[in-house]
């Protein structure tokens, strides 16, 4: 079953606001990935993190690999309507080979 | 874009019928995966492949089988579809770029009546 706790499950914000979501686990991960899924499409990779403590930005998105290797967060600054979608975290454990474990997703709604 | 296509994109079938979903990739990724996505469960791994004719089970493999006879194709078969297998199925690939980052296809929406 799921081993990643992603929160919040949903968010309703106004355009221009900043957003923060996170994933935590009791297990250690070697890689953290953040994906976005638009309705009717497959998840698209936003940011990949490979080292504990790593902080990576992609435009208005910033993600961090927790120092304990058991958590990660994603921030979106100055949200816009096209940020609407489901955001998933995913982690790769040392013992799982190439397999990923996914969080259950955060549904983001941005009101204009 | 990892050059992934899935077919069909939509399918409606009846309980007890066999169904095969196809994932095709054009960029020589070593690893291929099949997931299902259901409300409240996120993405769950069904089966994966780490090379031609090399496959293994994921967390929800019961009722599914897979085959990979060549690098570019990974087939998911439901031998006898059940209503609990109504879901959206995603194929993913990884490995060509030397990392474990997975790239997803557009999905197949399967409805079993």
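Coordinate-derived values only; no laboratory data. Everything numeric in this text was worked out from a predicted model, so none of it was measured. All Cβ positions, even for glycine, are placed from backbone atoms using ideal geometry, and neighbour counts span all protein chains on display.
Quick look at the numbers
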quantity	calculated
Count of segment A:65-96 residues which are under 9 Å from the mean Cα position of the chain (by Cα) and under 20 Å from residue B:100 (Cα atoms)	7
Pairs, first facing another protein chain (nearest Cβ under 10 Å) in segment B:34-60, second crowded, with 22+ Cβ neighbours inside 10 Å and not in a strand (DSSP E or B), C-beta under 7 Å, six or more apart	B:42/A:103; B:42/A:105
Some residue of segment B:10-22 being within 14 Å of another protein chain (Cβ to nearest Cβ) and within 22 Å of residue A:35 (Cα to Cα)	no
Segments classed as strands (runs of 3 or more DSSP E), wholly inside chain A, with at least 1 members that are crowded, with 20+ Cβ neighbours inside 10 Å and within 14 Å of chain B (Cβ to nearest Cβ)	A:5-7, A:19-24, A:31-37, A:44-49, A:61-65, A:85-92, A:106-111
Members of segment B:68-99 that are free of Cβ contacts under 8 Å to residues at least 24 places away in the same chain and within 14 Å of another protein chain (Cβ to nearest Cβ)	B:97, B:98, B:99
